[in-house]
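> Handing you this structure, nothing more for now.
Just so you know, all these numbers are worked out from the coordinates, no wet-lab data involved. Since we're looking at a predicted model, the values are computed, not measured. Positions of Cβ are generated from backbone atoms using ideal geometry, with glycine treated the same way; all protein chains shown enter the neighbour counts.
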Amino acid sequence: MCLAVPGQIIECSGEDAVVDLQGNRMRISTILTPDILVGNWVLVHAGFAITQIDETDALETWDYLRGAYGDDFIRASDPDSANAIEKEDP
Amino acid sequence: MTGEIPTLLVELEALCERIGRRAQFMEVCGTHTVSVFRNGIRPILPENLRLVSGPGCPVCVTAQRHIDAALDIAGRSGVMVATYGDMLRVPGRSGSLETLRAAGARVRVVNSARAALQLAREHPDCDVVFLAVGFETTAPATAAIVLEAERDGVDNLSILMCHKLVVPAMLMLLETRDPGRPGLDGFLCPGHVSVIIGANAYEPIVERHAKPCVVAGFEADQILTGLVHLARQVAQDRATLENVYSAVVSAEGNTVAQKLVDRVFTVVDTVWRQLGTIPQSGHELAPPYRRFDAVQRFELMIGEDEDHPKCRCGDVIQGIVEPWECTLCGSRCTPRSPVGPCMVSSEGTCAAWYKYGRNLPGYSACAEKETGS
């Protein structure tokens, strides 16, 4: 439950942002990472960006998550999300 | 900082041989527990290394009395309970949130604290109660929605506070006597909890108890790197704090999140399921925000826990027994029909053993014994 997943900030307005999680987009809060900018990569946990990370680390983590949990990781872990706003076609 | 898995395994084997006795390391975090199983790490560890799963699954350590409080609230009219998915099936004294939902109670699964706040905005006709569980990674999200609710006047939101703190539980394992508890040689410290609290948060464990602490990520090579660093310290008879997840975890942690939590919450003694009260190991709402406290708002009576007499979840999360040593495990208690919380949560030690470890030597020997008897 303490697992956080990497995402890239797509839009940012005040303390709200839209993050891309490998094709799934989610509205999150950046109140815990106030210096974050569009294009930055962050770890997302429970609807909040909790830290900024490097793109290389983010992509490596996604490679691992796909291998360990499968491509449906986000969909499987997020079936009732009130914050999921759209899903891109792969 | 990490290496190739075969190289790490060779190094770990050599270090364990050098230690010359059985080494016992605790992986504190439930995410580590599951990752160890998912990656098939357990069967390839050196024979004289025991990996003990600790009290790091928030679902597993939420006291039954708090589940009962959530059930009490969910059974009332004009109320909606929101919580994270794993909490639905945790058994209280009588039933679970899932059984109440099936009977018509308004219980919603959320994957974010903000979603609970959103439910309160969308349903001004009812009181939305957020059953807030989780460790330091999750607590800032709860603190943030309390501030947002206060700012926006969302008065129909309240919080049933069940947040827990990791380090006090680790200290308790070292500072209270229990003859059955394994002598731990070091801790594999959680990665994403440490993003918030910072690697330095484990200093008391190293300084007061001379136990090595290594902060590690949750990928296979990161976990093995963490174990190599722990074994190296033991082999060299030293105890330090190391961070092998420094790409993500800083020494100080997320100070913005820490300040937010300090503003909205107060640290208090709290009850952990089957572990009793651990000093300074939980949060309650600080006085300025107490009006969001569900216990106060609903005048709840928080009772006592009354776990199944044979449930050994409390012993499992201290490493006193392995799940398969519990007489309920795999027979009366399964993920489909759980008796104890460690079989409910996807990160619970019992569920992880049941799902991934049934072919491992201890579990299968135990199962054979039961079948024969």
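> With r defined as the distance between the Cβ atoms of B:ARG22 and A:LEU37 and R0 fixed at 45 Å, what FRET efficiency is calculated, to the nearest 0.05? It would help to have the intermediate numbers written out before the result.
Working: r = 50 Å, r/R0 = 1.11.
E between B:ARG22 and A:LEU37, to the nearest 0.05, is 0.35.
> Roughly how far apart, in whole Å, are the Cα centres of segment B:53-67 and segment B:274-345?
Using only Cα atoms to place each centre, the spacing works out to 4 Å.
> Report, for chain B, the % of DSSP beta bridges that are antiparallel, rounded to 5. If you can, show how the numbers build up before the last one.
On the way: 9 of 40 bridges.
If I count the DSSP bridges inside chain B, around 20 percent turn out antiparallel.
> Within segment B:302-337, which residues have the backbone N less than 19 Å from the label spot 7 Å out from B:SER94 along Cα→beta-carbon, could you tell me?
So the set is B:302-309.
> Please report, in debye to the nearest 20, how large the charge dipole of segment B:69-149 is about its Cα centre when each Lys and Arg carries +1 at its beta carbon and each Asp and Glu carries -1 there. Mind dumping the intermediate values first?
On the way: 8 positive and 8 negative charges, 41 e Å.
In debye, rounded to 20, segment B:69-149 gives about 200.
> Put +1 on the Cβ of each Lys and Arg and -1 on the Cβ of each Asp and Glu in segment B:142-283; which of B:ILE278, B:ALA199, B:ALA257 then has its Cα farthest toward the positive end of the dipole?
Of the listed residues, the answer is B:ILE278.
> Separate question: Which of B:LEU188, B:VAL154, B:CYS60 sits closest to the plus end of the dipole of the protein assembly as shown, meaning its Cα is farthest towards the positive end, when Lys and Arg get +1 and Asp and Glu get -1 on the C-beta?
B:CYS60
> Report, in deg cm²/dmol and to the nearest 500, the calculated mean residue ellipticity at 222 nm for chain B, where each DSSP H run with n ≥ 4 adds -39500 (n - 2.57) and the sum is divided by the residue count.
Numbers: 17 runs with 151 residues, N = 373.
Counting only the DSSP helices, I get -11500 deg cm²/dmol.
> Evaluated at 10 °C with a viscosity of 1.306 mPa s, what Stokes-Einstein diffusion coefficient in µm²/s does chain B have when Rh comes from the Kirkwood expression over alpha-carbon pairs? Numbers along the way, then the final one.
Values: Rh = 21.3 Å.
Calculated translational D: 75 µm²/s.
> Per residue of B:80-86, how many C-beta atoms from partner chains lie within 10 Å of its own C-beta, taken as a mean?
Values: counts 0, 0, 1, 0, 2, 5, 1.
Shielding by partners across B:80-86 averages 1.
> Project the alpha carbons of segment B:313-371 onto their principal axes and report the range along each, largest first, in whole Å.
For segment B:313-371, the Cα spread along each principal axis is 25, 24, 18 Å.
> Which of rounded, prolate, oblate describes segment B:136-272, given a ≥ b ≥ c as roots of the alpha-carbon gyration tensor eigenvalues and a/c under 1.5 marking rounded, otherwise prolate only if a/b is larger than b/c?
Working: a/c = 2.75, a/b = 1.77, b/c = 1.55.
Judged from the Cα gyration tensor, segment B:136-272 comes out prolate (a/c at least 1.5, a/b above b/c).
> Under a plain spin-label model, where a point goes 7 Å from the Cα along Cα-to-Cβ, how far apart in nm are B:THR176 and B:GLU207?
Result for the modelled spin labels: 2.4 nm.
> Once both labels are modelled 7 Å past Cα along the beta-carbon direction, what's the B:LYS355-B:CYS126 spacing in nm?
In this crude label model, B:LYS355 to B:CYS126 measures out at 2.9 nm.
> Let me spell out the model: positive unit charges on the Cβ of Lys and Arg, negative unit charges on the Cβ of Asp and Glu, origin at the Cα centre of segment B:313-371. What dipole size does that give, in debye rounded to 20? Mind showing how you got there, number by number?
Numbers: 5 positive and 6 negative charges, 46 e Å.
The calculated dipole for segment B:313-371 is roughly 220 debye.
> Taking R0 as 35 Å, what FRET efficiency do you get between B:LYS259 and A:ARG66 from their Cβ-Cβ distance, rounded to the nearest 0.05? List each step's numbers first, then the result.
Numbers: r = 35 Å, r/R0 = 1.01.
Computed FRET efficiency for B:LYS259 and A:ARG66: 0.50.
> Over all residues in B:246-253, what is the mean tally of Cβ atoms on other chains that come within 10 Å of each residue's Cβ?
Working: counts 0, 7, 11, 1, 1, 0, 0, 2.
Average neighbour count from other chains, rounded to a whole number: 3.
> A further question follows. In whole percent, what relative contact order does chain B give with Cα contacts below 8 Å and a gap of six or more residues? It would help to have the intermediate numbers written out before the result.
Numbers: 713 pairs, mean separation 82.0, N = 373.
Reported relative contact order: 22 percent.
> Report the calculated FRET efficiency for B:GLU150 and B:ILE302 (r = Cβ-Cβ distance, R0 = 22 Å), to the nearest 0.05. Kindly include the intermediate steps, with their values, before the conclusion.
On the way: r = 24 Å, r/R0 = 1.10.
Efficiency at R0 = 22 Å is approximately 0.35.
> Under a plain spin-label model, where a point goes 7 Å from the Cα along Cα-to-Cβ, how far apart in nm are B:THR266 and B:SER77?
3.6 nm
> Just tell me how shielded B:138-146 is by partners: mean number of partner chain Cβ atoms within 10 Å of each residue's Cβ, no decimals. The partial results should precede the final answer.
Values: counts 7, 1, 7, 9, 1, 2, 7, 3, 0.
What the average comes to for B:138-146 is 4.
> By the gyration tensor of its Cα atoms, with a ≥ b ≥ c the square roots of the eigenvalues, what is the shape of segment B:54-96: rounded for a/c under 1.5, prolate for a/b over b/c, or oblate?
In terms of gyration-tensor shape, prolate.
> Continuing with this model, one more query. Of the peptides B:248-255, B:159-166, how do they stack up when ordered by the mean number of other Cβ atoms within 10 Å, highest first? Can you show the working numbers first?
Values: B:248-255: 18.8, B:159-166: 24.9.
Ranking, from highest mean packing down: B:159-166, B:248-255.
> Also, quick follow-up: Compute the angle between helix B:255-264 and the longest alpha-carbon principal axis of chain B, please, reported from 0 to 90 degrees and rounded to the nearest 10.
40 degrees
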